[in-house]
Amino acid sequence: MKVIDAKGVSIRYITGDFKDIGLKEYVVRKLKGNYHVVNFWADRDITFSLDQGDMLGIIGGNGAGKSTLLKAIAGIMVPTKGKIKVKGTIAALLELASGFDGDLTVKENTYLRGAFLGYTRAFMDEMYGKIIAFAELEDFQNRPFKQLSSGMKSRLAFSIACLVDPDIMILDEVLSVGDGAFRKKSGDKMKEILSHGVTGILVSHSISQVREMCNKILWLDHGRQIAFGDNVQELCDAYEEFLQTKRLPENAEEITALAEEHALRVEREKAKKQEAEVKKLKALLESDDEEVALKAALRIVRQKKPELLKEKK
């Protein structure tokens, strides 16, 4: 069953100088035919579909049109052309730290955000402790929200958003909030939610994260769709090679070629690293310092033949 079906989606921004010139000058220029607007297409002819349980990774650099597309899927924006059909409820984790009141306390903001999301007071009373504990903000509950670090603010928003039980979850760079430990915890939480059959969309600059979590990839570049498919590893390899070479593929054959080049590049870099390590260890083994040489020999044994170091009974 298709949960999201996007066909030929194009989204246009229109910019002009009305706010700079004022109403009177705008009318004069309009009458003279001297008022100009600029059309900027953030996305052009985007087509893809997702079934229940799919996890889509959207990749592309800054300005690729990723966030604009997410807003259209979430219903925040209406496509200029094309259609997006969505079945089910959506939880969109976009711009996590926005929508809070800096002068209210962490606790007050938690209840306020819960109310915005449609949660009852009774539900928030029941879940408040879990939210604060997951966000690791037990010692900051009565602090003004504006005194929190950006990481703390994002952790709170993420924790509140995780309460929902949606059919579709949209994640825009939200798994990179907080320190390493919290990133792992938030990633594990998302995997738990997605394991229940939720359809997900992930935007992340971490390609390793996309490789691990996604079974489909949508590659965008300056609003144009480069590729969509379930060949996750090939598309991620091709994208990483593109980041190195700036050669944008025009078809499936060029994507495959880029992916193969990436695999060769990785092998060359691995071999080069191993060669450098061998040279370093060789120098240590040949050292006049006996202790240094012995430590180097032990390191090799631990890496290659650790069973030799086990005590025999």
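Structural remarks
- Spin-label model, Ala181/Asn39: points 7 Å from Cα along the beta carbon direction are separated by 5.4 nm.
- Shape category assigned to segment 231-313 from the gyration tensor of Cα positions, a/c cut at 1.5: prolate
- Simple point charges give the picture: +1 on the Cβ of Lys and Arg, -1 on the Cβ of Asp and Glu, and for the chain a dipole about the Cα centre of about 460 debye.
- One quarter of the convex hull surface built on the alpha carbon atoms of the chain amounts to 27.2 nm², the projected area averaged over directions.
- Extension gain (nm, one decimal) between Ala252 and Arg143, 0.36 nm per residue minus Cα-Cα: 33.9 nm
- Percent RCO, i.e. relative contact order, over the chain, from Cα pairs under 8 Å lying at least 6 residues apart: 20 percent
- Cβ-derived FRET efficiency at R0 22 Å, Gln52 paired with Lys7, nearest 0.05: 0.70
- The modelled label-to-label distance between His222 and Leu264, using points 7 Å beyond Cα along the C-beta direction, is 2.7 nm.
- Remark: for residue pairs Lys85/Lys153; Lys66/Lys270; Lys184/Lys270; Lys130/Lys191, the C-alpha separation exceeds 21 Å in Lys85/Lys153; Lys66/Lys270; Lys184/Lys270.
Read the figures in this text as sums done on the coordinates, not as results from a lab. Computed from a predicted model, the values in this text were never measured in an experiment. Virtual Cβ from ideal backbone geometry, glycine too; neighbours counted across all protein chains shown.
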